[in-house]
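*Asks:* Questions regarding the structure given below will be posed in turn.
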């Protein structure tokens, strides 16, 4: 049986969406929702890396600096089951990651329903291409998503992950790490192409940051690990 770890704040299972101070107490302020309403950046003058770093420093919980189409902030880990983590916003919207790779979302205007990875070429990566420490690996990605009009779509893509051999220093909210840059290219069965960039540790392939478009014409997702888990 897979162990599930819950992370509680003030005795309740939740994660706090930080970028506006009123959202720290969750749900008390309108306009704090990802994918709806005005941009958070337009509501907080001068918000930037210093704000995120201060917020991450002030909490002991594992956290991500996450944005969807430039709308977002610091979120805290709510639950973990194996290599799957769940990150919940103040309005109960949820982002799910598999070992740091976007797996699904719920409650956003456009949602990624599921992600499946298959045909990864290296067993040492345990089926997770970014954990394969070779410079290049291929695999297949299958995704299901819901667009803003309410329609559900499915797509499959041939994927290539190419990683640069050298590292460069990447600034994260609470640290600077030497990471490899990896470029993922998805060639979808209908001919569309989407690309993503990941930053991983050269020692074990752990993902520390990402910029990704999970399906054609999808919103842009970006995240950086603030406090690791």
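*Asks:* Quick one: would you say residue 93 is surrounded by 15 or more Cβ atoms within 10 Å (Cβ to Cβ) and either free of Cβ contacts under 8 Å to residues at least 40 places away in the same chain or in contact with a helix residue (DSSP H, G or I) (Cβ under 9 Å, 6 or more places away or on another chain) (or both)?
*Replies:* no
Results for (1) in contact with a strand residue (DSSP E or B) (Cβ under 6 Å, 6 or more places away or on another chain); (2) closer than 19 Å to residue 72 by Cβ, shown as yes or no for each residue.
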position: 193; (1), (2): yes, no
position: 196; (1), (2): yes, yes
position: 207; (1), (2): yes, yes
position: 210; (1), (2): yes, yes
position: 218; (1), (2): no, yes
position: 226; (1), (2): yes, yes
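*Asks:* Any residue at all in the range 54-64 that's modelled with pLDDT of 90 or more, closer than 20 Å to residue 218 by Cα and under 12 Å from the mean Cα position of the chain (by Cα)?
*Replies:* No, there is no match, as no residue in the range 54-64 is modelled with pLDDT of 90 or more, closer than 20 Å to residue 218 by Cα and under 12 Å from the mean Cα position of the chain (by Cα).
*Asks:* If you don't mind, there's one more thing I want to ask. Among the residues in the range 96-105, are any more than 18 Å from residue 137 (Cβ to Cβ), part of a loop (DSSP other than H, G, I, E, B) and in contact (Cβ under 8 Å) with a residue 12 or more places away in the chain?
*Replies:* Within the range 96-105 (the criterion being more than 18 Å from residue 137 (Cβ to Cβ), part of a loop (DSSP other than H, G, I, E, B) and in contact (Cβ under 8 Å) with a residue 12 or more places away in the chain), the answer is no, since none of the residues qualifies.
*Asks:* Return the total of residues in the range 128-146 being over 21 Å from residue 83 (Cα atoms) and in contact (Cβ under 8 Å) with a residue 40 or more places away in the chain.
*Replies:* 1
*Asks:* Please specify each residue of the range 125-142 satisfying the condition of being over 15 Å from residue 191 (Cα atoms) and in a strand (DSSP E or B).
*Replies:* Residues satisfying the conditions are 136, 137, 138, 139.
*Asks:* Just give me the residues in the range 161-192 being more than 18 Å from the chain's Cα centre (by Cα) and under 15 Å from residue 101 (Cβ atoms), in sequence order.
*Replies:* Once the filter is applied, which keeps residues that are more than 18 Å from the chain's Cα centre (by Cα) and under 15 Å from residue 101 (Cβ atoms), the range 161-192 yields only 163.
*Asks:* In the list 191, 150, 205, which residue meets the criterion of being surrounded by 13 or more Cβ atoms within 10 Å (Cβ to Cβ), assigned to a loop (DSSP other than H, G, I, E, B) and at positive phi?
*Replies:* Only one candidate passes the filter, namely 205.
*Asks:* For residue 206, all conditions in the list (1) in contact with a helix residue (DSSP H, G or I) (Cβ under 6 Å, 6 or more places away or on another chain); (2) touching a residue at least 40 places away in the same chain (Cβ under 8 Å) hold save one; what is the number of the exception?
*Replies:* The failed condition is (1).
*Asks:* Restricting attention to the range 107-135, which residues are modelled with pLDDT of 95 or more and within 27 Å of residue 149 (Cβ to Cβ)?
*Replies:* Answer for the range 107-135, where residues must be modelled with pLDDT of 95 or more and within 27 Å of residue 149 (Cβ to Cβ): 110, 111, 112, 113, 114, 115, 116.
The values are calculated or read from the model by the stated rules, or taken from the named source; none is laboratory data. The model shown is predicted, which means the values in this text are computed figures rather than measured ones. Note that each Cβ is placed from the backbone with ideal geometry, even for glycine, and that neighbours are counted across all protein chains shown.
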